[in-house]
Every structure is written in C-alpha cells, then in structure tokens.
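**Q** The structure that follows is given in the form of structure tokens.
What follows draws every value from the coordinates through simple rules; no lab data is involved. All figures in this text were calculated on a predicted structure; none of them were measured in a lab. Ideal geometry is used to build each Cβ from the backbone, glycine not excepted, and the neighbour counts take in all protein chains shown.
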Amino acid sequence: MKHILFDTIAAIATAKGEGGIGIIRISGDKSFEILDKIFKLNKGNEIGNYKLRYGFIHDNNKIIDEAMVVKMPGPRSYTAEDVVEINCHGGYLITQRVLELVLKNGATLASKGEFTKRAFMNGRIDLSQAEAVIDIIEGKSESSLDISIKNLRGDLSNMIKEFKKTLLDITAHVNVVLDYPEEGIDDPIPDNLLSDLHKVYDKANELIISYDKGKLIKMGIKTAIVGRPNVGKSTLLNSLLREERAIVTNVAGTTRDTIEETINIKGIPLILVDTAGIRKTDDIVESIGVKKSKEIIEKADLVLMILDSSSEFTKEDKEIIDFISENNKKVIYLLNKIDLERKIDISYLKDSDIIEISAMKNIGISDMEDKLYEFITENQVQDTGEKHILTNIRHKTALEKTKVAIENIFNTIELSLPLDLISVDLKEALDSLGEITGEITSEDILDHIFGNFCVGK
Ligand code: GDP
Ligand code: ZN
C-alpha cells in the first residue's frame with residue numbers, strides 16, 4: 001500500500017450533542033506522539049495495538065477526562081495511517097476540550113471527509129468505496145443500505161476490475177498487431193476476446209439500466225396523496241404514518257415549514273409530497289382540493305388518488321383523474337370509505353388499478369401496501385435479484401462513456417476501419433472506468449465528493 005505523508009489531522013467523529021460517549025479521531029504520523037503527551041494509562045496497563053485501554057486525558061498533568069483509547073498503526077487502520085481513537089464522555093464541551101488539547105499538541109483540524117479521503121489517497125479503498133461510506137451514513141432505507149454495504153465491500157469495484165482486465169487484454173493484443181504488421185495477423189481481435197468484450201458491454205448496459213431502480217431505492221419515490229375535499233386524505237395519511245411497521249422519518253424540507261415524511265414500503269422509501277398541506281388545511285377553512293391536488297401531482301412520480309365510495313362520482317373527481325392522465329403520471333386509485341354504503345359509480349376509471357380501503361376503519365391498508373410494492377416493482381423496476389444495482393449518477397455517466405467507446409470498437413471491426421481507432425476507443429473505455437474507481441479523477445470531483453461528508457468521517 002502506498003503511503004503518502006500528510007499532516008496529522010483530528011476531529012470529533014461522533015455526532016454533535018450529548019451522548020454516552022464521544023470519539024476523537026486522530027490520523028497521521030504524529031498520532032502516537034500526541035497521544036503520549038495527553039494520555040496516562042491506568043496503573044499496571046500496557047497500551048498495545050488495536051486494544052481499547054482505560055486511562056486519563058490530561059493537560060500538563062491536569063486531568064480533563066477519563067477515557068478509553070485505542071492505537072491502530074497504519075496500514076491496518078481506517079485511513080491506512082497511524083490512527084488513535086479517544087473515547088471520552090459524550091458531552092459537547094468535553095469532546096470539544098479533548099479535541100482542542102489534541103490540536104494544541106500538534107494536530108490540525110480535519111476537513112469534511114478527510115479521513116475517508118486519506119483512506120482513498122493511501123490506496124486502501126477506491127473512490128466508489130469511499131462514496132459507499134457516505135451512502136451508508138445517509139442511507140434512508142434497508143435496501144439502499146444493503147447496496148451501499150456491498151459497494152463498500154468492493155462488489156462494484158470488482159466488476160469494474162473485471163471489465164478493465166478484458167479491455168487490457170484486448171489492448172495488449174491490438175498493440176501486438178499494430179507493432180508487428182509483418183506477422184500478418186488479420187484478426188484485429190480474436191473471437192474469445194471479442195466475446196469477452198460483448199460480455200463487458202452487456203454487463204455495463206445492465207448496470208446502466210439498473211440505475212433507474214437504484215435511484216428509487218436511494219432517493220425514494222415522490223408520492224402524492226390527492227383527491228377532492230373530504231375523501232379521506234388526512235385520515236389515510238395519519239393511518240400510514242401511525243403504522244408501526246412503516247418507519248417514519250421526518251426530514252426538514254427545502255422550504256421552511258414543509259416537512260417530508262417518508263414511509264418505507266418493504267425497503268423502498270416513498271416520500272410523501274407536501275403532507276404538511278394536507279394536515280394544515282384541515283384546521284383552517286379551506287381544504288386541499290382540486291387546485292392543490294394538481295400542484296402536488298406535477299411534483300410527484302407516483303400518485304395515490306382517493307375517491308369516496310360513499311358519495312357520487314363528481315366533476316372534481318373527473319377533473320383530477322383527467323389531469324393525472326394528461327400528465328402521464330403513474331397512479332393507483334384508492335376507493336375509500338368502503339365501510340359505508342356504496343354510492344359511487346367508477347365506470348369512468350375503466351380497468352385502472354383500484355384498491356378498496358377504509359382509512360378510518362383500517363381496512364385494506366396492508367393490502368394496499370402489498371399492491372403498492374408490487375406496482376412499484378413491476379412498473380418502475382424489475383427485481384434484479386443478486387445483480388448489482390447502481391445508485392450513483394456519477395458511476396452511470398462514466399459507464400455510459402464506456403458503453404459508447406465499446407460500441408465504437410464493434411463498429412470499427414464491422415466496417416474494417418483502421419486498427420488505430422480501436423486503440424483510441426480502448427483507452428477511452430479504460431479511462432471512463434478509471435473515473436469510477438478514482439484513478440482518473442480531477443481534484444474538483446474529489447473535492448465535491450468528499451465535501452459531502454461530515455467532519456470526522
Ligand atoms: P380530506 O379532506 O380528504 O383530508 O378528508 P379527511 O381525512 O379529513 O376525512 C373527511 C371525513 O371523512 C372525516 O370526517 C373522516 O373521519 C371521514 N373518513 C375518512 N376516511 C373514512 C373511512 O374510511 N370511512 C368512514 N366512514 N369515514 C371516513
Ligand atoms: Zn384533510
């Protein structure tokens with residue numbers, strides 16, 4: 001493993017605020033020296049490596065906190081450098097104080113993502129694995145977490161490595177043909193290598209296609225609950241949010257008083273669009289109706305339209321339905337209040353997906369969730385099983401370049417164009433794969449990627 005010399009950096013690695021413990025992480029050649037200056041082992045202990053040890057943090061013999069400390073010599077550490085982690089008490093003030101002491105003794109404050117960036121720069125992980133770290137931290141659903149963990153383990157990196165191997169084999173062959181024209185090799189690429197190249201092409205293509213599913217799993221599906229006033233939108237929303245098996249998270253939205261509520265349907269997050277509106281308008285005179293429904297529909301990937309089975313089908317129902325189909329939105333119709341006597345005539349909907357529920361009596365809700373899941377997986381995504389799913393747009397863009405380069409190679413062969421052309425495209429294909437793993441990546445892109453991390457990671 002290559003080892004590049006950097007400053008010794010330090011940061012608080014745990015989340016801000018009060019907690020049971022707070023961890024200060026130090027990385028770099030001076031880590032152990034700094035630790036010696038500020039840490040006294042409990043009597044009779046030996047520090048050792050990769051072992052958690054109890055003792056005291058002190059500033060010139062003034063005890064600041066008791067702490068558990070671990071020394072991890074590089075390259076067997078997170079950054080591949082010498083790393084120290086100090087577990088102290090978790091208060092904001094105390095972790096801050098220990099950090100300041102570490103800085104005073106020779107470390108500089110780490111910037112965002114700098115520990116992970118060092119792991120990358122030192123060659124312990126590649127760029128796609130570094131990106132998986134941030135995805136794990138930000139993971140919002142079980143499925144997205146699963147994918148990130150696979151990526152961190154190197155599943156994607158290994159596929160890219162296989163692709164590269166094929167391309168390098170072909171490059172070697174093409175070079176021989178170009179360098180020794182007198183050998184009279186007329187096959188630009190032998191059949192076995194060509195069939196490997198087709199496999200790379202197909203796999204790259206599958207990965208590119210899988211991004212549509214990956215995006216949904218990672219970002220969630222923007223889902224709108226609409227319908228004319230009094231059909232039961234708020235009631236359904238509350239029942240969905242109350243469901244114990246639906247994990248509810250509140251994320252601060254982009255504007256000040258909106259909240260985005262997410263429910264997880266079997267691992268796929270549905271982000272409910274503008275639920276604040278549904279809730280708020282109930283308290284005041286105006287209720288969310290047709291106009292607001294249209295606004296929400298425009299922002300959504302998926303629409304849940306509610307109809308009231310206990311009343312007549314109205315002009316307003318029709319207006320919303322028409323708007324949904326004019327905008328080509330994916331929609332599921334929910335026929336609510338089926339606990340009451342049925343008055344509605346839904347022949348207008350012909351053979352659309354309709355699910356009967358009672359939001360109030362909690363009838364058909366789990367059915368609805370099952371059908372919702374089926375609907376999402378059938379319409380938007382195919383189950384790719386064990387196959388890899390791309391979740392990162394940067395990776396998709398790079399693979400698209402690879403794909404075009406390989407298409408050019410097929411073309412050159414087909415049209416018997418000069419062999420030099422293949423060399424150019426082979427290089428292009430290899431370079432774009434290198435962007436994914438980070439061998440060929442500009443400083444700007446690195447700054448952008450690591451700038452998304454939190455300090456201390
Ligand atoms: P919204 O204006 O679409 O948000 O409708 P609300 O959720 O505020 O519901 C309007 C009225 O219908 C309320 O009095 C609810 O209690 C009632 N309601 C909602 N869902 C059902 C249901 O499934 N069955 C019955 N019987 N009443 C319901
Ligand atoms: Zn309401």
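**Q** For the stretch 124-151 and the stretch 423-457, what is the separation of their Cα centres, given in Å?
**A** Between the Cα centres of the stretch 124-151 and the stretch 423-457 lies a distance of 16 Å.
**Q** Just going by the charge dipole of the chain, with Lys and Arg at +1 and Asp and Glu at -1 on Cβ, which of 415, 113, 366 is farthest out on the positive end?
**A** Of the candidates, 113 comes out farthest on the positive side.
**Q** Separate question: Return a whole-number percent for the relative contact order of the stretch 9-125, with Cα pairs under 8 Å and 6 or more residues apart as the contact set. The partial results should precede the final answer.
**A** Numbers: 237 pairs, mean separation 38.0, N = 117.
This gives 32 percent for the stretch 9-125.
**Q** Report the FRET efficiency, 1/(1 + (r/R0)^6), for residue 64 and residue 111, where r is their Cβ-Cβ distance and R0 is 30 Å, rounded to 0.05. Working shown, then result.
**A** Details: r = 25 Å, r/R0 = 0.84.
The computed FRET efficiency comes out at 0.75.
**Q** Shifting gears a bit: Using a Förster radius of 25 Å, what is the FRET efficiency between residue 169 and residue 444 based on their Cβ-Cβ separation? Nearest 0.05, please. Please report the intermediate quantities before stating the final value.
**A** Values: r = 32 Å, r/R0 = 1.29.
Given R0 = 25 Å and the Cβ-Cβ separation, E is 0.20.
**Q** Just want to confirm a number: the relative contact order over the chain, from Cα pairs under 8 angstrom separated by 6+ residues, in percent. Can you show the working numbers first?
**A** Numbers: 770 pairs, mean separation 74.2, N = 457.
Once divided by the residue count of the chain, the mean separation gives 16 percent.
**Q** Another question about this same structure. Between rounded, prolate and oblate, where does the chain land on the alpha carbon gyration tensor, with a ≥ b ≥ c its root eigenvalues, rounded for a/c under 1.5, else prolate if a/b exceeds b/c?
**A** Values: a/c = 3.09, a/b = 1.21, b/c = 2.56.
The shape class here is oblate.
**Q** Residue by residue through the stretch 217-222, what is 3J(HN,Hα) from phi via Karplus (6.51 cos²θ - 1.76 cosθ + 1.60, θ = phi - 60°)? Round to whole Hz and write x for glycine and proline.
**A** Karplus values, whole Hz, x for Gly and Pro: 5, 7, 8, x, 10, 6.
**Q** Turning to a different aspect of this structure: What is the spin-label model distance, in nm, from residue 192 to residue 318 if the labels are put 7 Å beyond Cα along the C-beta direction?
**A** 7.0 nm
**Q** Using Cα positions and a limit of under 27 Å, work out the lysines in reach of residue 30, with same-chain residues fewer than 8 apart set aside.
**A** Output for residue 30: 2, 16, 40, 43, 51, 62, 71, 104, 112, 117, 457.
**Q** With the cut-off at 27 Å, tell me which of the pairs 266/337; 150/329; 199/371; 165/387 have Cα atoms farther apart than that.
**A** Violating the 27 Å limit, Cα to Cα: 150/329; 199/371.
**Q** So if R0 is 25 Å, what FRET efficiency would residue 266 and residue 352 give, r being the distance between their Cβ atoms, rounded to the nearest 0.05? Please report the intermediate quantities before stating the final value.
**A** Numbers: r = 23 Å, r/R0 = 0.91.
Plugging the Cβ-Cβ distance into 1/(1 + (r/R0)^6) gives 0.65.
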